[in-house]
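Presented below is the structure to which this report refers.
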Amino acid sequence: MHYVSTRATSASAARNPQQFSDILLGGLAPDGGLYLPAEYPQVTGAELDAWRKLSYAELAYEILRKFATDIPDADLKALTARTYTPEVYRNARADESSADITPLRVLEDGAQGKLVLQALSNGPTLAFKDMAMQLLGNLFEYALARNNDELNIFGATSGDTGSAAEYAMRGKRGVRVFMLSPHKKMSAFQTAQMFSLQDPNIFNIAVEGVFDDCQDLVKAVSNDLEFKARQKIGTVNSINWARVVAQVVYYFRGYLAATTANSQKVSFTVPSGNFGNICAGHIARMMGLPIDKLVAATNENDVLDEFFRTGVYRVRKPAETFHTSSPSMDISKASNFERFVYELVGRDAERTHALFRKVDTHGGFDLSGAPGSDGDEFKDVAKFGFLSGRSTHADRLATIRDVADDYGITIDTHTADGIKVAREHLQPGVPMIVLETALAAKFNETILEALGQDAERPAGFEDIESLPQRFVVMPADVVRMKAYIAEHTGL
């Protein structure tokens, strides 16, 4: 299995064939693009039948071995077996079996269609990011030990990526984590989860600005190839291919658990800001998983919803980026969107590069086909199954109340966005699976507003906000950020 950059010419790709281990520890390709397989591996009906009987760890191995062909099978099987265990993904709700790792719960099954919730928040930080990040931590440690090397992870978070990465990497040999987050723009629980870590290999940096400022800093450092090489910089953001492919697994798991035959289809609704989670669903669909629709659910920061409704991709300025009650989606520039656009324009790397240069120079591009637009590929979006919808604070409050009243469970704000939008796209005969984003306890301020009572907290998190916190506050300044990294790596 070889990988290509979304911005690579065919000649450069032929000169520099990349395998899974070559791109595991990095993020952006040297040309500024994102990695994708040269061709998607295909899944057969016989494989799907056989996979219905597998544990989550066994399923992860079967899917990952199609992408990580340069890692010995025995090593990859040991890595997935060590990662996906009931001990790591403990029960967050008493009525769920920890052995299932990502259990399904039917919420509605009526004339309009079936609405299903897939639990993805049973990991150490109570968010779906743990599903990939725990594997990434083990993969990184494996690769570094094999080469007697070290890695400095430089990432950005709007809430959950940071804590998932830090909990996955804390204490890992040869790994340091430098994690950026927007200062005072995460929930109190999210902030405490990250900043209370005292491990010497964890560095939390609160950036004065919004998430997109943090993301821009990560890209700027990644694009300085000399600094990146000298400081041994890698990333765990969703631009990292290994993280995306690890997320593909739970789409297969959800489909197999919701169906009894391969002739059946399902749809997925995915709360989405950075397009990483739903990108994994797109990859699963390209592999042949019988997915009907992929529905992107945004909050008030609706850049993705706007594109899937109009064909216009319009990045918002920091001043136009809303601070909402589903803060992990307070994103106006979707980093992973380039992977889909590359497919949409027929894997034309030069055209993809030109479109994203226009994002940098003009703030977006237009594929609607209207006079003066940049192309007409929007007409082809339906071939990939994408739909979208938007949710507001009032919608979140109403949905949290509805789900609590009707089903006796408390959902977080991002999952509420997903359920609200999913209900708008239900179809009879096609189960709609909503991917859970996090446990409600991480966003207690809004739960209290919606329900008049605190969200239940899993054991071990009862008083996390009172723990001592360790972090630094810095401006969105690339020069100062590089100096801080260099000072703390000693490289």
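The values are calculated or read from the model by the stated rules, or taken from the named source; none is laboratory data. Remember, it's a predicted structure, so these values are computed and weren't measured experimentally. Virtual Cβ from ideal backbone geometry, glycine too; neighbours counted across all protein chains shown. The area values use the complete protein model at the heavy-atom level, side chains included, leaving out ligands, DNA and RNA. Shrake-Rupley method; radii C 1.70, N 1.55, O 1.52, S 1.80 Å.
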Legend entry - Net dipole in debye of region 24-77 [+1 Lys, Arg Cβ; -1 Asp, Glu Cβ; about Cα centre; nearest 20]: 180 debye
Inset, instruction - Provide, for q = 0.06, 0.10 Å⁻¹, the log10 of I(q)/I(0) from a solvent-free Debye sum over equal Cα point scatterers in the chain. - result: -0.24, -0.71
Inset, instruction - Using label points projected 7 Å from each Cα along Cα→Cβ, tell me how many nm separate Ala483 and Arg401, to one decimal. - result: 5.2 nm
Inset, instruction - Tabulate in residue order the Karplus-calculated ³J(HN,Hα) for region 411-420, using 6.51 cos²θ - 1.76 cosθ + 1.60 with θ = phi - 60°, rounded to whole Hz; enter x for Gly and Pro. - result: 9, 7, 5, 6, 4, 4, 4, x, 5, 4
Inset, instruction - List the residues whose amide H sits under 5 Å from the amide H of Thr437, counting only those 5 or more places along or on another chain, with H placed 1.01 Å from N in the peptide plane. - result: Thr415
Legend entry - Value of [θ]222 nm, deg cm²/dmol, for the chain, DSSP H segments ≥ 4, -39500 (n - 2.57) each, nearest 500: -12000 deg cm²/dmol
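Carbon and sulfur together cover what percent of the accessible area of the chain at a 1.4 Å probe radius?
Working: 8820 of 17550 Å².
Its accessible area is 50 percent carbon and sulfur atoms.
Measuring with a 1.4 Å probe in the full set of protein chains, what accessible area per residue, in whole Å², belongs to region 62-161?
Numbers: 3480 Å² over 100 residues.
Counting only protein heavy atoms, the per-residue value for region 62-161 is 35 Å².
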Legend entry - Rounded to whole Hz, the Karplus (6.51, -1.76, 1.60) HN-Hα couplings of region 156-161, x for glycine and proline: 10, 9, 9, x, 9, 4
Inset, instruction - May I ask you to derive the FRET efficiency for Arg90 and Val430 from their Cβ-Cβ distance with R0 = 56 Å, giving the value to the nearest 0.05? - result: 0.95
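Write down Rg/Rh for region 46-89, rounded to two decimals, with Rg from the C-alpha atoms and Rh from the Kirkwood relation over Cα pairs. Write down the numbers at each step before the final one.
Numbers: Rg = 10.7 Å, Rh = 10.9 Å.
A ratio of 0.99.
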Inset, instruction - Would you tell me the accessible area of Ser222, worked out with a 1.4 angstrom probe on the heavy atoms of the protein chains, in Å² to the nearest 10? - result: 10 Å²
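Among bridges DSSP assigns within the chain, what percent are antiparallel (round to 5)? It would help to have the intermediate numbers written out before the result.
Values: 15 of 50 bridges.
If I count the DSSP bridges inside the chain, around 30 percent turn out antiparallel.
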Legend entry - Partner lysines for Lys317 [C-alpha distance under 25 Å; skip if fewer than 8 residues away on the same chain]: Lys184, Lys185, Lys219, Lys333, Lys358, Lys482
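What are the GluC sites (Glu not before Pro) within region 64-163 that DSSP puts in a loop, where the Cβ has at most 10 other Cβ atoms within 10 Å?
Qualifying residues, ordered by number: Glu87.
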Inset, instruction - Be a star and scan region 373-406 for residues whose amide nitrogen sits under 20 Å from the point 7 Å along the Cα-to-Cβ vector of Arg347. - result: 377-378, 380-386
Inset, instruction - Mind jotting down the distance between the C-alpha centroids of region 450-476 and region 293-310, whole Å? - result: 29 Å
Legend entry - Karplus-derived 3J(HN,Hα), 6.51/-1.76/1.60, for each residue of region 218-226, Hz, glycine and proline x: 4, 5, 5, 5, 5, 7, 8, 5, 5
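Accessible area per residue of region 307-424 at 1.4 Å probe, in Å²? Intermediate results must be reported in sequence, preceding the final value.
Working: 4690 Å² over 118 residues.
Accessible area per residue, region 307-424: 40 Å².
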Legend entry - Top positive-direction residue, dipole computed over region 17-171 with Cβ charges, set Pro30, Ala168, Leu104: Leu104
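Calculate the dipole size of the chain relative to its Cα centre from +1 charges on Lys and Arg beta carbons and -1 charges on Asp and Glu beta carbons; express the result in debye to the nearest 20.
Numbers: 51 positive and 63 negative charges, 183 e Å.
The dipole magnitude comes to about 880 debye.
Taking the Cα centre of region 445-484 as origin and charging only Cβ (+1 Lys, Arg; -1 Asp, Glu), how large is the dipole, in debye to the nearest 20? Could you put the intermediate results ahead of the total?
Numbers: 4 positive and 8 negative charges, 105 e Å.
With only Lys, Arg, Asp and Glu charged at Cβ, the dipole is about 500 debye.
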Legend entry - Point-to-point label distance, Arg146-Glu39, nm (Cα→Cβ direction, 7 Å offset): 2.4 nm
Inset, instruction - Could you give me the radius of gyration and the Dmax of region 250-359, taking only the C-alpha atoms into account and expressing both in angstrom? - result: 15.3, 49
